[in-house]
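The values are calculated or read from the model by the stated rules, or taken from the named source; none is laboratory data. Bear in mind the structure is a predicted one, so any value in this text is a computation, not a measurement. Every residue, glycine among them, receives a Cβ derived from its backbone with ideal geometry; neighbour counts consider all protein chains shown.
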Amino acid sequence: MLDDDVVGRDDAALRGLVATLVAAEARPGDQDVTALVMLERLCRAAMAHLEAEGTAVSLMSVRGSQGVVASADQRSFQLDELQFSLGEGPSREAFAARRPVLVPNLDSPEGRAWPMFSTAASQAGVCGVLSLPLQVGVTTFGVLTIYLAGTDPFPTSLVSTALTFADLATDILLSEEGGEPGRPLHPGLEFVLEYRAEIYQAQGVVSVDLGIGLSEAMARMRAHAFAHQQTVAELAARIMAGEVRLDAADETEGR
């Protein structure tokens, strides 16, 4: 948990620095500068400036849906996606609690609160995490997660910088032009949560097939996906295509 004076800090100079760092991540050929492009730049800038192992931005909803909209690299994308598949992790905790979650050492008691995620992240070379909710007032709609390279205490100065990156990510997501705050969620980003509809359709299929509740159906899907090294989204697509059927034992190929 972070101190309230750090969490509430608002530094105009720091915001200017972060905006400059993000702008410096522009790449040749970036002609259509959409919100997604801006978020990708932000993730790369945050990873470089904070000397992190990776960064990612996910949209989330109160019904449990989660979708990665931007990441600094493929590993960051996979780690954020893994949290949805497992149903555990720092991003989900930061979203639910509406507060930053800082765990410098995933091998600590705090990190072991997410045993499957922490094990997978450690195997991927990540030592710790800092997850920051993206919110306006009491409304939270996403999380910026920074995957840390070392287990040493994360400096307060860098926490403030990370919070400023999260503020800018929030502005981008609420902007119609990729930068102006106070507007509805950026058009074109709704697909990130909408594509999860197939997961909930598959959840309903499993619930009916096995005569179990929706929560248990999702738990079985997550367990199966983890055991077979695939995401819940990939499993859902196979269920809806009739390629996989879960039963009381585990599954039957070919519905």
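Annotations
- Flag if S76 is among the polar types (S, T, N, Q), closer than 23 Å to T139 by Cβ, touching a strand residue (DSSP E or B) at 6+ places or on another chain (Cβ under 8 Å) and touching a residue at least 24 places away in the same chain (Cβ under 8 Å): no
- The residue of region 124-153 that is farthest from R98 (Cα to Cα), among those that are surrounded by fewer than 19 Cβ atoms within 10 Å (Cβ to Cβ) and among the aliphatic types (A, V, I, L, M), is A124.
- Single match in L235, L134, L168, L148 (criterion: touching an Asp or Glu at 6+ places or on another chain (Cβ under 7 Å) and modelled with pLDDT of 75 or more): L148
- Region 137-172, residues that are farther than 14 Å from F95 by Cβ and aliphatic (A, V, I, L, M): I146, L148, A149, L158, V159, A162, L163, L168, I172
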